[in-house]
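One structure is given below, encoded as C-alpha coordinates.
The values are calculated or read from the model by the stated rules, or taken from the named source; none is laboratory data. Everything numeric here is computed off the predicted structure, so don't read it as measured data. No Cβ is skipped: glycine too gets one built from the backbone with ideal geometry, and neighbour counts run over all protein chains shown.
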(Lines give C-alpha, C1' and ligand atoms only; values in the text may rest on other atoms or scores of the structure.)
Protein backbone atom coordinates (compact mmCIF):
# COMPACT_ATOMS: atom_id res chain seq x y z
CA UNK A 1 0.00 0.00 0.00
CA UNK A 2 2.88 2.38 0.78
CA UNK A 3 4.25 2.28 -2.76
CA UNK A 4 0.74 2.51 -4.22
CA UNK A 5 0.15 5.72 -2.27
CA UNK A 6 3.55 7.11 -3.28
CA UNK A 7 2.86 6.28 -6.93
CA UNK A 8 -0.53 8.05 -6.78
CA UNK A 9 1.02 11.10 -5.10
CA UNK A 10 3.81 11.16 -7.66
CA UNK A 11 1.39 10.99 -10.58
CA UNK A 12 -0.78 13.67 -9.01
CA UNK A 13 2.13 16.03 -8.33
CA UNK A 14 3.70 15.69 -11.77
CA UNK A 15 0.30 15.91 -13.48
CA UNK A 16 -0.40 19.10 -11.53
CA UNK A 17 2.90 20.58 -12.69
CA UNK A 18 2.08 19.80 -16.31
CA UNK A 19 -1.35 21.44 -15.92
CA UNK A 20 0.14 24.58 -14.31
CA UNK A 21 2.60 24.93 -17.18
CA UNK A 22 -0.29 24.43 -19.62
CA UNK A 23 -2.21 27.23 -17.94
CA UNK A 24 0.66 29.67 -18.37
CA UNK A 25 1.20 28.60 -21.95
CA UNK A 26 -2.44 28.70 -23.05
CA UNK A 27 -4.73 29.89 -20.27
CA UNK A 28 -7.79 27.78 -19.47
CA UNK A 29 -7.67 25.99 -22.81
CA UNK A 30 -3.99 25.28 -22.33
CA UNK A 31 -4.68 23.75 -18.91
CA UNK A 32 -7.35 21.46 -20.36
CA UNK A 33 -5.02 20.36 -23.15
CA UNK A 34 -2.24 19.81 -20.60
CA UNK A 35 -4.58 17.66 -18.49
CA UNK A 36 -5.31 15.34 -21.41
CA UNK A 37 -1.62 15.33 -22.33
CA UNK A 38 -0.79 14.32 -18.75
CA UNK A 39 -3.33 11.49 -18.84
CA UNK A 40 -1.76 10.17 -22.03
CA UNK A 41 1.69 10.48 -20.45
CA UNK A 42 0.52 8.64 -17.32
CA UNK A 43 -0.85 5.79 -19.41
CA UNK A 44 2.22 5.68 -21.63
CA UNK A 45 4.66 5.85 -18.73
CA UNK A 46 2.97 2.90 -17.00
CA UNK A 47 3.20 0.64 -20.06
CA UNK A 48 6.23 1.94 -21.95
CA UNK A 49 8.52 3.90 -19.59
CA UNK A 50 10.93 0.99 -19.23
CA UNK A 51 11.32 0.69 -23.01
CA UNK A 52 11.82 4.47 -23.31
CA UNK A 53 14.58 4.53 -20.69
CA UNK A 54 16.35 1.46 -22.09
CA UNK A 55 16.30 2.95 -25.59
CA UNK A 56 17.55 6.30 -24.23
CA UNK A 57 20.74 4.58 -23.02
CA UNK A 58 20.99 2.14 -25.96
CA UNK A 59 20.74 -0.78 -23.54
CA UNK A 60 20.62 -4.10 -25.40
CA UNK A 61 19.47 -7.46 -24.01
CA UNK A 62 22.23 -10.03 -23.55
CA UNK A 63 21.76 -13.78 -23.59
CA UNK A 64 23.30 -16.25 -21.17
CA UNK A 65 25.72 -17.30 -23.91
CA UNK A 66 26.95 -13.70 -24.23
CA UNK A 67 27.23 -12.97 -20.49
CA UNK A 68 27.20 -16.24 -18.58
CA UNK A 69 28.72 -14.90 -15.34
CA UNK A 70 26.32 -11.97 -15.25
CA UNK A 71 23.34 -14.27 -15.75
CA UNK A 72 24.63 -16.66 -13.09
CA UNK A 73 24.98 -13.94 -10.46
CA UNK A 74 21.57 -12.41 -11.21
CA UNK A 75 19.89 -15.82 -11.17
CA UNK A 76 21.37 -16.68 -7.76
CA UNK A 77 20.35 -13.32 -6.32
CA UNK A 78 16.84 -13.54 -7.80
CA UNK A 79 16.38 -16.92 -6.15
CA UNK A 80 17.66 -15.53 -2.85
CA UNK A 81 15.19 -12.65 -3.14
CA UNK A 82 12.30 -14.92 -4.27
CA UNK A 83 11.97 -12.98 -7.53
CA UNK A 84 11.45 -14.07 -11.15
CA UNK A 85 14.59 -13.93 -13.28
CA UNK A 86 14.71 -10.43 -14.81
CA UNK A 87 15.92 -9.61 -18.29
CA UNK A 88 19.51 -8.37 -18.41
CA UNK A 89 20.76 -5.52 -20.59
CA UNK A 90 24.15 -3.90 -21.11
CA UNK A 91 24.63 -0.20 -21.87
CA UNK A 92 27.53 0.86 -24.15
CA UNK A 93 29.07 3.29 -21.66
CA UNK A 94 32.43 3.14 -19.94
CA UNK A 95 31.10 5.11 -16.97
CA UNK A 96 30.27 2.59 -14.21
CA UNK A 97 26.58 2.52 -13.31
CA UNK A 98 23.44 0.37 -13.23
CA UNK A 99 19.67 0.61 -12.87
CA UNK A 100 16.54 -1.53 -12.80
CA UNK A 101 13.28 -0.77 -14.58
CA UNK A 102 9.95 -2.36 -15.47
CA UNK A 103 6.36 -2.04 -14.27
CA UNK A 104 6.50 -5.05 -11.91
CA UNK A 105 8.80 -7.96 -10.91
CA UNK A 106 7.44 -10.11 -13.75
CA UNK A 107 8.56 -7.50 -16.30
CA UNK A 108 11.76 -6.31 -14.62
CA UNK A 109 14.96 -5.43 -16.42
CA UNK A 110 18.39 -4.96 -14.85
CA UNK A 111 20.76 -2.84 -16.94
CA UNK A 112 24.48 -2.38 -16.33
CA UNK A 113 27.14 -0.42 -18.18
CA UNK A 114 30.17 -1.97 -19.81
CA UNK A 115 32.24 0.19 -17.48
CA UNK A 116 30.85 -1.34 -14.31
CA UNK A 117 31.58 -4.85 -15.60
CA UNK A 118 35.22 -3.88 -16.19
CA UNK A 119 35.61 -2.03 -12.88
CA UNK A 120 34.13 -4.36 -10.25
CA UNK A 121 35.14 -7.80 -8.99
CA UNK A 122 32.47 -10.47 -8.56
CA UNK A 123 31.62 -9.67 -4.93
CA UNK A 124 31.23 -5.97 -5.74
CA UNK A 125 29.14 -6.69 -8.84
CA UNK A 126 27.01 -9.03 -6.76
CA UNK A 127 26.36 -6.20 -4.29
CA UNK A 128 25.32 -3.82 -7.06
CA UNK A 129 23.00 -6.35 -8.70
CA UNK A 130 21.50 -7.24 -5.31
CA UNK A 131 20.78 -3.53 -4.76
CA UNK A 132 18.96 -3.34 -8.09
CA UNK A 133 16.95 -6.48 -7.32
CA UNK A 134 15.99 -4.90 -4.00
CA UNK A 135 14.40 -2.07 -6.00
CA UNK A 136 12.50 -4.72 -7.95
CA UNK A 137 11.45 -6.48 -4.73
CA UNK A 138 10.25 -3.21 -3.20
CA UNK A 139 8.42 -2.33 -6.45
CA UNK A 140 10.38 0.91 -6.70
CA UNK A 141 11.03 0.36 -10.39
CA UNK A 142 7.57 1.48 -11.55
CA UNK A 143 7.77 4.67 -9.48
CA UNK A 144 11.24 5.41 -10.83
CA UNK A 145 10.28 4.77 -14.44
CA UNK A 146 7.12 6.91 -14.24
CA UNK A 147 9.05 9.73 -12.58
CA UNK A 148 11.66 9.62 -15.34
CA UNK A 149 9.07 9.82 -18.11
CA UNK A 150 6.92 12.57 -16.57
CA UNK A 151 9.87 14.62 -15.34
CA UNK A 152 11.29 14.46 -18.86
CA UNK A 153 7.97 15.71 -20.23
CA UNK A 154 7.91 18.59 -17.73
CA UNK A 155 11.42 19.64 -18.69
CA UNK A 156 10.48 19.54 -22.37
CA UNK A 157 7.33 21.65 -21.81
CA UNK A 158 9.30 24.09 -19.63
CA UNK A 159 11.76 24.51 -22.49
CA UNK A 160 8.81 25.36 -24.76
CA UNK A 161 7.69 27.91 -22.15
CA UNK A 162 11.09 29.62 -22.26
CA UNK A 163 10.86 29.97 -26.03
CA UNK A 164 7.28 31.22 -25.69
CA UNK A 165 8.47 33.88 -23.24
CA UNK A 166 11.22 34.98 -25.62
CA UNK A 167 8.80 35.37 -28.53
CA UNK A 168 5.85 36.82 -26.64
CA UNK A 169 3.88 33.67 -25.89
CA UNK A 170 1.67 31.59 -28.10
CA UNK A 171 -1.00 34.25 -28.50
CA UNK A 172 -3.78 31.96 -27.31
CA UNK A 173 -3.92 32.94 -23.62
CA UNK A 174 -6.93 34.99 -22.52
CA UNK A 175 -6.39 38.15 -20.45
CA UNK A 176 -8.03 36.79 -17.29
CA UNK A 177 -6.53 33.35 -17.14
CA UNK A 178 -3.29 33.39 -19.07
CA UNK A 179 -0.97 35.06 -16.59
CA UNK A 180 1.71 37.55 -17.56
CA UNK A 181 5.11 37.18 -19.16
CA UNK A 182 6.93 37.24 -15.82
CA UNK A 183 4.83 34.31 -14.64
CA UNK A 184 5.63 32.42 -17.83
CA UNK A 185 9.36 32.97 -17.41
CA UNK A 186 9.19 31.99 -13.73
CA UNK A 187 7.27 28.83 -14.57
CA UNK A 188 9.80 27.83 -17.21
CA UNK A 189 12.56 28.11 -14.59
CA UNK A 190 10.91 26.61 -11.52
CA UNK A 191 8.91 23.76 -13.08
CA UNK A 192 12.02 21.62 -13.84
CA UNK A 193 13.34 22.36 -10.35
CA UNK A 194 10.03 21.25 -8.85
CA UNK A 195 10.16 18.05 -10.91
CA UNK A 196 13.67 17.32 -9.60
CA UNK A 197 12.58 17.98 -6.02
CA UNK A 198 9.76 15.47 -6.43
CA UNK A 199 12.26 12.94 -7.75
CA UNK A 200 14.50 13.59 -4.73
CA UNK A 201 11.61 13.06 -2.34
CA UNK A 202 10.87 9.60 -3.70
CA UNK A 203 14.45 8.55 -4.29
CA UNK A 204 16.71 9.17 -1.29
CA UNK A 205 14.85 6.96 1.19
CA UNK A 206 14.55 4.24 -1.46
CA UNK A 207 18.34 4.08 -1.85
CA UNK A 208 18.97 3.37 1.83
CA UNK A 209 16.29 0.66 1.84
CA UNK A 210 17.66 -0.93 -1.33
CA UNK A 211 21.22 -0.85 0.07
CA UNK A 212 20.10 -2.70 3.21
CA UNK A 213 17.99 -5.28 1.38
CA UNK A 214 20.66 -5.76 -1.28
CA UNK A 215 23.27 -6.49 1.39
CA UNK A 216 20.89 -9.12 2.80
CA UNK A 217 20.38 -10.76 -0.60
CA UNK A 218 24.12 -10.77 -1.27
CA UNK A 219 24.93 -12.16 2.17
CA UNK A 220 27.31 -9.29 3.06
CA UNK A 221 27.29 -5.49 2.96
CA UNK A 222 30.97 -5.16 2.09
CA UNK A 223 30.78 -5.97 -1.61
CA UNK A 224 28.22 -3.20 -2.18
CA UNK A 225 30.11 -0.78 0.08
CA UNK A 226 33.33 -1.35 -1.88
CA UNK A 227 31.43 -1.05 -5.17
CA UNK A 228 29.90 2.29 -4.17
CA UNK A 229 33.34 3.65 -3.34
CA UNK A 230 34.81 2.49 -6.66
CA UNK A 231 31.86 3.73 -8.71
CA UNK A 232 31.95 7.12 -7.00
CA UNK A 233 35.64 7.60 -7.82
CA UNK A 234 35.52 6.22 -11.36
CA UNK A 235 32.37 8.09 -12.41
CA UNK A 236 34.12 11.41 -11.72
CA UNK A 237 36.91 10.41 -14.08
CA UNK A 238 34.55 8.98 -16.72
CA UNK A 239 31.33 11.03 -16.57
CA UNK A 240 28.16 9.57 -18.01
CA UNK A 241 26.02 11.38 -20.56
CA UNK A 242 22.74 11.10 -18.68
CA UNK A 243 19.37 12.81 -18.87
CA UNK A 244 18.58 14.61 -15.57
CA UNK A 245 15.05 13.16 -15.62
CA UNK A 246 16.48 9.64 -15.22
CA UNK A 247 19.24 10.36 -12.68
CA UNK A 248 17.25 8.90 -9.78
CA UNK A 249 17.09 5.47 -11.44
CA UNK A 250 20.82 4.73 -11.28
CA UNK A 251 22.65 3.17 -8.33
CA UNK A 252 24.91 6.24 -8.35
CA UNK A 253 23.76 9.68 -9.44
CA UNK A 254 25.35 10.06 -12.91
CA UNK A 255 25.15 13.86 -12.60
CA UNK A 256 27.07 14.06 -9.31
CA UNK A 257 29.65 16.83 -9.40
CA UNK A 258 28.19 18.47 -12.51
CA UNK A 259 27.76 22.08 -11.41
CA UNK A 260 24.17 22.98 -10.43
CA UNK A 261 22.88 19.44 -10.90
CA UNK A 262 24.87 18.23 -7.91
CA UNK A 263 22.71 20.46 -5.67
CA UNK A 264 19.67 18.42 -6.66
CA UNK A 265 21.14 14.97 -6.11
CA UNK A 266 18.52 12.25 -6.03
CA UNK A 267 20.86 10.03 -3.97
CA UNK A 268 22.20 10.30 -0.42
CA UNK A 269 25.94 11.03 -0.11
CA UNK A 270 28.07 7.96 -0.86
CA UNK A 271 29.88 8.26 2.48
CA UNK A 272 26.58 8.05 4.37
CA UNK A 273 25.47 5.02 2.38
CA UNK A 274 28.75 3.23 3.09
CA UNK A 275 28.59 4.08 6.81
CA UNK A 276 25.06 2.70 7.04
CA UNK A 277 26.05 -0.46 5.23
CA UNK A 278 29.15 -1.19 7.28
CA UNK A 279 27.95 0.20 10.62
CA UNK A 280 30.92 2.58 10.86
CA UNK A 281 30.92 6.22 11.93
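A few notes on this one:
- Residue 138 meets all of the listed conditions (1) surrounded by fewer than 24 Cβ atoms within 10 Å (Cβ to Cβ); (2) within 23 Å of residue 267 (Cα to Cα); (3) in contact with a strand residue (DSSP E or B) (Cβ under 7 Å, 6 or more places away or on another chain); (4) in contact (Cβ under 8 Å) with a residue 40 or more places away in the chain but one, namely (3).
- When residue 123 is tested against (1) surrounded by fewer than 21 Cβ atoms within 10 Å (Cβ to Cβ); (2) over 18 Å from residue 225 (Cα atoms); (3) touching a residue at least 24 places away in the same chain (Cβ under 8 Å), exactly one condition is not met: (2).
- Any hit, the range 201-217, residues being surrounded by fewer than 21 Cβ atoms within 10 Å (Cβ to Cβ), modelled with pLDDT under 75 and within 25 Å of residue 19 (Cα to Cα): yes
- Single match in 77, 54, 83, 70 (criterion: touching a residue at least 40 places away in the same chain (Cβ under 8 Å) and part of a loop (DSSP other than H, G, I, E, B)): 83
- Hits in the range 236-255 (condition: surrounded by fewer than 20 Cβ atoms within 10 Å (Cβ to Cβ) and touching a helix residue (DSSP H, G or I) at 6+ places or on another chain (Cβ under 7 Å)): 238, 243
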